[in-house]
Amino acid sequence: MKITFYGAARTVTGSCYLLEHNGARFLVDCGLFQGNKALKERNYGEFPFTASSIDFVLLTHAHIDHSGLIPKLYNKGFKGKIYTTPATQDLCSIMLPDSGHIQESECERKNRKLARAGGKLLTPIYTADDANQVMRQFEAHDYGKTFSPAPGIRVTMRDAGHILGSAILEIVYDDNGAERTLVFSGDLGRYDAAIVNDPSALACADFLVMESTYGNRLHGGADGGEPERLAAAIRDTFAKGGNVVIPAFAVDRTQDILMMLSYLFDNKMIPDAEVYVDSPLAVKATQIFGDYPEYYDEITSALYNEKGHPPFLLPNLHFSTTAEESMRINAIKSGAIIISASGMADAGRIKHHLKHNLWRPECLVVFIGYQSEGTLGRMLIDGADKVTIHGEKINVSATVITMEGFSAHADRDELLRWLNSIEVKPQKVFVTHGEEASTIDFANTVTQQLGIAAEAPQAAESFELHLEGGRRVAQPQASDSPIDSLEVLAEINAALSELIMKKNMDQLLRLRDYLRGTR
C-alpha cells in the first residue's frame with residue numbers, strides 16, 4: 001500500500017490522501033483548503049493526480065475541509081463511488097451545494113471588479129449543480145458494516161464522535177497473502193461531548209493516520225464550569241443592554257450550542273430570551289440532526305424521550321432563511337442571542353451581525369470552535385482592536401470570549417487516550433490535520449510517551465507501508481501472568497501515560513515494582 005499526503009499535511013484543512021494498492025487508486029477525503037489566502041489559492045489549482053484515474057473515495061465526514069472539493073473532483077472527470085455513512089451523505093446533500101453557491105457568488109463578485117478593470121474573468125472552483133450531480137455517486141454504509149470497494153480491500157466505518165455521522169476508517173487490505181490494517185482517525189471528537197457518542201475504541205491498527213488539530217493543547221472547560229461561565233457572560237450582557245453573537249458552523253456546533261442554551265434555560269441560569277439561528281444551512285442541518293436519534297449519546301437520547309423531540313429545538317427558537325429575515329435581526333439592539341455561520345467568521349451572514357455588534361461595548365461575541373490562522377475569528381480571539389468587514393473598519397469594543405469546551409475536536413490528552421485504547425498498537429503513526437507546530441509536537445509526544453514511531457508528513461510526501469515482524473493479532477494470548485488481558489494492559493498503558501505527563505515519579509516507581517512482581 002502506498003499513501004501520498006496531498007492535503008492536511010502540516011495544515012489543519014484540505015484533508016486529502018491518495019492510496020494505491022494492487023491497481024486500485026482511491027482517496028480518503030477530498031477537502032477544501034480554508035484559512036489564509038495562500039491556503040485558499042490551493043483550491044484553484046489542478047489536482048496533483050488525474051481525477052478520472054480515481055476509482056473511489058472514502059469520506060470520513062461532511063465538514064467542508066474534508067468533503068468540499070468532491071464536486072471539483074466530479075467536474076474534472078471522477079466517475080467512481082463516494083462511500084460514507086448515511087448521516088454524512090445527508091449532510092453533504094445540503095453542504096456541498098451550499099459551498100458551490102458560495103463559489104459562484106464569490107466568483108461573480110470578483111468578476112464585477114475584474115470586468116471594470118479590464119482583467120481576465122475567473123471561473124468558480126465548482127458550481128452548485130456540480131455538487132448536486134456528484135451526490136448521485138454517494139453510497140452509504142452504517143457503522144460496523146464491512147464492505148469491499150475493490151478486490152482485496154475491506155472497509156469498516158466506526159463512530160469518530162466528532163459530528164453526526166463522522167467515521168473512523170478501518171481499511172483491511174491484502175499484502176502478499178497477509179492482512180494489514182490501515183486506520184484513518186478522521187477528526188476525533190471529545191469524550192462526553194453533547195449529542196454524539198464517544199470515539200470508538202479499535203482492536204488493531206498496523207498503520208494509523210491521525211489528526212492533531214489540538215495535538216499540543218488542552219481544552220479549557222474540563223472542570224465542567226463552561227455552562228456557568230457562559231451563563232454569567234450572557235446575564236452580564238443582557239444587564240448592559242446588549243446582544244450575544246455566536247459564530248458557529250452550521251453543522252454540529254450550532255446544534256451543540258442550542259443544547260447548551262436548552263440546559264441554561266431549563267435550569268433558570270439565564271433569563272428568557274429570543275434565540276435566532278440565522279443560516280439557511282444550519283436550519284437544514286438541524287432538521288437532519290433531528291432525523292438521526294439513533295446516533296445520539298445516552299444523555300441526548302434520554303432528553304429526546306423525555307421532551308418528545310430533539311432537545312436542541314427550543315420553544316423560543318427562530319430560524320432565519322431569507323435575507324430579509326436576517327436584516328430584521330440586525331435591527332434588534334438588546335436581549336437577543338444570534339447564532340450564525342460561519343464559525344470562523346470568514347464568510348456568511350455572521351459578518352453582518354459582527355459589523356452591527358462588534359463596535360458596541362455592551363455586546364458579547366462568543367467563539368465556540370477552532371479558529372484557523374488568517375480568519376476573522378482568529379484575529380478577534382487574538383485581541384485585534386480593529387477589523388475590516390465588507391471593506392469597512394470596525395472598532396472591536398464588544399467583549400470577546402472563547403469557550404473551548406464546545407470544541408468538536410479531541411485535545412492532546414483525549415487524542416492520546418483514544419490512541420491508547422487501540423488494543424494492538426500501530427507500528428507507525430502519521431500525524432496530520434493540524435498546524436505545523438501541532439503536528440510535529442504531537443508526533444514527538446506519541447513517540448516519547450507511547451514508544452510508537454510517529455512523524456508529520458510534508459505535503460505531497462509518499463510512503464510505502466511495510467509491516468516489520470509479520471502480522472499481529474488482536475486476541476489476548478495465554479500467559480502465566482495475572483496480567484493476561486489486553487483490556488488490563490490498555491488500562492496500565494493509560495495509567496502510565498497519565499503518570500508520565502504528571503511527572504509523578506513516586507507512583508511510577510510503585511507501578512514498576514508491581515509489574516516486576518507479576519513476571
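A short reminder: the numbers here are calculations on the coordinates, not readings from a lab. For clarity, every value in this text was computed on a predicted model and none was experimentally measured. Glycine also receives a Cβ, built like all others from the backbone with ideal geometry; neighbour counts cover every protein chain displayed.
Per the Debye calculation on the stretch 85-133 with a single equal scatterer at every Cα and no solvent contribution, log₁₀ I(q)/I(0) for q = 0.15, 0.20 Å⁻¹ amounts to -0.46, -0.65. Can you return the lysines within cross-link range of LYS120? Criterion is Cα-Cα under 17 Å, with same-chain partners fewer than 8 residues away left out. Partners within reach: LYS110.
When a/c reaches 1.5 or more, the comparison of a/b and b/c decides; with that in mind, is the chain rounded, prolate or oblate per its Cα gyration tensor?
Since a/c reaches 1.5 but b/c is at least a/b, the shape of the chain is classed as oblate.
Note on the stretch 226-406: Cα Rg divided by 2.2 N^0.38 Å, N the number of residues, gives 0.99. Positive end of the dipole of the chain (Cβ unit charges, origin at the Cα centre): among SER185, THR388, LEU258, the Cα lying farthest that way belongs to THR388. Along the charge dipole of the chain, which of GLN89, MET327, ILE246 sits closest to the positive end, that is, farthest toward it, with unit charges on the beta carbon of Lys, Arg, Asp and Glu (+1, +1, -1, -1)? Among GLN89, MET327, ILE246, the one farthest towards the positive end of the dipole of the chain is MET327.
For the peptides 235-245, 199-209, the ranking by mean Cβ contacts within 10 Å, running from highest to lowest, is 199-209, 235-245. When peptides 17-26, 425-434 are ranked by their average number of other Cβ atoms within 10 Å per residue, the highest-first order is 425-434, 17-26. Considering helices alone, the calculated mean residue ellipticity of the chain at 222 nm is -10500 deg cm²/dmol, with DSSP H runs of length four and up weighted by -39500 (n - 2.57) and normalised per residue.
Simple spin-label estimate for ASP192 and ARG229 gives 1.5 nm between the two label positions (7 Å along the Cα-to-Cβ direction from each Cα). For the stretch 226-406, a simple Cβ point-charge model (Lys and Arg +1, Asp and Glu -1, everything else neutral) yields a dipole of about 780 debye relative to the Cα centre. Normalise the Debye intensity by I(0) for the stretch 140-291, one equal point scatterer per Cα, no solvent, then take log10 at q = 0.18 Å⁻¹ and round to two decimals. Rounded to two decimals, the profile gives -1.16.
A Förster radius of 35 Å combined with the Cβ-Cβ distance from ALA302 to ILE401 puts the calculated FRET efficiency at roughly 0.70. The stretch 261-332 and the stretch 1-46 have their alpha-carbon centroids 34 Å apart.
Annotation: aspartates and glutamates with alpha-carbon distance below 17 angstrom to LYS2 (same-chain offsets under eight excluded): GLU20, ASP29, ASP55, GLU170, ASP174, ASP175, GLU179, ASP206, GLU455, GLU461, GLU464, GLU468. Here the extension length gained between LEU121 and LYS240 equals 38.0 nm, from 0.36 nm per residue of separation less the Cα-Cα distance.
Charging the Cβ of each Asp and Glu at -1 and of each Lys and Arg at +1, and nothing else, the dipole of the chain about its Cα centre rounds to 1600 debye. Seen against the Cα atoms of the chain and their longest principal axis, helix 253-266 is set at about 70 degrees.
Note on the stretch 226-406: lysine pairs with Cα distance below 15 Å, sequence gap of 8 or more or different chains, count 6.
Put simply, the Cα atoms of the stretch 259-355 extend 39, 28, 22 Å along their principal axes, the longest span coming first.
If the chain linking LYS113 and ALA178 were pulled fully straight, counting 0.36 nm for each residue of separation and taking away their Cα-Cα distance, it would gain 17.5 nm. When peptides 311-323, 166-178 are sorted by average Cβ neighbour count within 10 Å, with the highest value leading, the order is 166-178, 311-323.
The calculated FRET efficiency for the pair ARG328 and PHE463, based on their C-beta separation and a Förster distance of 56 Å, comes to about 0.55.
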